[in-house]
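The structure under discussion appears below in the form of structure tokens.
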Amino acid sequence: MKAFAYQRAAGVGEALCLVAADAGVRYLGGGTNLVDLMKSGVETPTRLVDVRFLPLDGIRGKPGGGLEIGATTTNSDLAAHPEVRRSYPALSQAVLAGASGQLRNMATVAGNLLQRTRCAYFADPSQACNKRVTGSGCPAIIGAHHNHAVLARSAHCAATHPSDMAVALVAFDAVVHYETLDGGGDIPLTEFYLPVGDSPERETALPPGALITSVSIPGPALSPRSRYRKVRERASYAFATVSVAADLDLRDGRVHGSRIALGGVASRPWRARTAENLLLDGPATADRFRAAAEAELAAASPLPGNAYKVTLARNLMVTVLADLAALPY
Ligand code: SF4
């Protein structure tokens, strides 16, 4: 592991100045992903600026519904928060579906959003990888890609985003708030992750040096019975093969609104707008759920070794929606 300096930031302003002063400086949250990448040589910062002890934690309800979630709130605290469990259960379920208890106790909300892909080529500096070394190639396209993207991938990268939390947050229309030395800004989470295109090394729309300060859910859920379901390769903790977060507004057997997001299928959490639009104002039947899921996945372009994900995503969407529709309303 390359030697590095460590500094605990005394305030947001100091953290911003330290990172702006040197391109080799990185923010440190819980460190559950960054430190692993430093051990393997994927990340080689000269200095870590620890922001975990800044007063950026806590979860507050917003007037009229919605939540403000501090950037350094731990995953464990988010999953256990009474209002999250009561009003946004899909978010709590998503967080609990990720990692282990020990990791969730350390990992922060902002760090979770910024975690890097678990593509095995990315994690191995001896391999080529366009995301790690611009223009070096993407061995996953013709190599091991059974767990890679089937939607919006490019010829340059087919990595998936590994966060469970982000999938539920996308379903709830979450917004990322940040600070820079030039002032603050907001980015809807649906626009936070950049299309992979021909520059997979550019991952988010955050300005250089920006520090995430909070993530907000702008309003109430459609229903207090949202759901997150994840398929993974083993029962102990593992990243999603495919996951679905869904929130349905059902009245008299008809869909008055829905929010659906998929994980494990693209380089970003995938908001299923096509399915949502097809379901709107129609009966909540298995046939319609299947038609909506098939329409959402019609744009899939799987690689030879991961076409199974298209079927899996379709079936998981249908199952989650049918389970929600079967609940007493
Ligand atoms: Fe790198 Fe993306 Fe290709 Fe994986 S899929 S090797 S992260 S460029």
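The residues of the stretch 220-251 that are surrounded by fewer than 21 Cβ atoms within 10 Å (Cβ to Cβ) and under 17 Å from residue 189 (Cα atoms) amount to a single one, 220. Only strands (runs of 3 or more DSSP E) whose full extent lies in the stretch 1-78 are considered here, and the ones with at least 1 residues that are aliphatic (A, V, I, L, M) and under 30 Å from residue 89 (Cβ atoms) are 59-61, 67-70. The conditions of being closer than 27 Å to residue 214 by Cβ, more than 7 Å from the ligand (Cβ to nearest atom) and not assigned by TED's automatic domain parsing to the domain that holds residue 306 are not met by residue 155. Those strands (runs of 3 or more DSSP E) of the stretch 172-286 in which 1 or more residues are free of Cβ contacts under 8 Å to residues at least 12 places away in the same chain and farther than 30 Å from residue 122 by Cα occupy 183-188. Residue pairs whose Cβ atoms lie under 7 Å apart, sitting 6 or more positions apart in sequence or on different chains, and linking a residue in the stretch 295-310 that is under 11 Å from residue 158 (Cβ atoms) to a partner that is at pLDDT below 95 and part of a helix (DSSP H, G or I), do not occur here.
One line per residue, one yes/no per condition, for (1) assigned to a helix (DSSP H, G or I); (2) at pLDDT 95 or above; (3) more than 21 Å from the chain's Cα centre (by Cα); (4) farther than 19 Å from residue 226 by Cβ:
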residue	(1), (2), (3), (4)
289	yes, yes, yes, no
297	yes, yes, no, yes
318	yes, yes, yes, no
329	no, no, yes, no
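Of the candidates 254, 314, the single residue that is in contact with a strand residue (DSSP E or B) (Cβ under 6 Å, 6 or more places away or on another chain) and either surrounded by fewer than 14 Cβ atoms within 10 Å (Cβ to Cβ) or charged (D, E, K, R) (or both) is 254.
Report yes if residue 229 is closer than 22 Å to residue 315 by Cα and not hydroxyl-bearing (Ser, Thr, Tyr), otherwise no. In short, yes.
Quick grid of which residues meet (1) within 15 Å of the chain's Cα centre (by Cα); (2) near the ligand (Cβ under 10 Å from one of its atoms); (3) in a loop (DSSP other than H, G, I, E, B); (4) within 21 Å of residue 262 (Cβ to Cβ):
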{"residue": "118", "(1), (2), (3), (4)": "yes, yes, yes, yes"}
{"residue": "125", "(1), (2), (3), (4)": "no, no, yes, no"}
{"residue": "140", "(1), (2), (3), (4)": "no, yes, no, yes"}
{"residue": "143", "(1), (2), (3), (4)": "no, yes, yes, no"}
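Looking at 60, 52, 104, just one residue is away from the ligand (no atom under 16 Å from the Cβ), free of Cβ contacts under 8 Å to residues at least 40 places away in the same chain and crowded, with 19+ Cβ neighbours inside 10 Å, and that residue is 104. Report yes if some residue within the stretch 21-41 is closer than 20 Å to residue 226 by Cα, touching a Pro at 6+ places or on another chain (Cβ under 8 Å) and at pLDDT 95 or above; otherwise report no. Within the stretch 21-41, not a single residue is closer than 20 Å to residue 226 by Cα, touching a Pro at 6+ places or on another chain (Cβ under 8 Å) and at pLDDT 95 or above. Taking the conditions (1) out of contact with any Pro (no Cβ under 6 Å at 6 or more places or on another chain); (2) β-branched (Val, Ile, Thr); (3) more than 9 Å from the ligand (Cβ to nearest atom); (4) under 17 Å from residue 240 (Cα atoms) in turn, residue 150 satisfies each one other than (1). So for the stretch 123-137 (the condition being buried (at least 21 other Cβ atoms within 10 Å of the Cβ), outside the structural domain of residue 299 (by TED's automatic domain parsing) and touching a helix residue (DSSP H, G or I) at 6+ places or on another chain (Cβ under 7 Å)), does at least one residue qualify? No, the stretch 123-137 contains no residue that is buried (at least 21 other Cβ atoms within 10 Å of the Cβ), outside the structural domain of residue 299 (by TED's automatic domain parsing) and touching a helix residue (DSSP H, G or I) at 6+ places or on another chain (Cβ under 7 Å). Criterion applied to 189, 181, 169 was being touching a Leu at 6+ places or on another chain (Cβ under 9 Å) and more than 30 Å from residue 88 (Cβ to Cβ), and the one residue passing it is 181. When the residues of the stretch 168-211 are filtered to those that are among the aromatic types (Phe, Trp, Tyr) and closer than 18 Å to residue 59 by Cα, the one that is surrounded by the most Cβ atoms within 10 Å (Cβ to Cβ) is 172.
Looking across the stretch 284-307 at every residue that is farther than 24 Å from residue 328 by Cβ and of a type outside the set (Gly, Ala, Ser), the one that is surrounded by the fewest Cβ atoms within 10 Å (Cβ to Cβ) is identified as 304.
The values are calculated or read from the model by the stated rules, or taken from the named source; none is laboratory data. Computed from a predicted model, the values in this text were never measured in an experiment. Cβ: placed from backbone, ideal geometry, glycine included. Neighbour counts: every protein chain shown.
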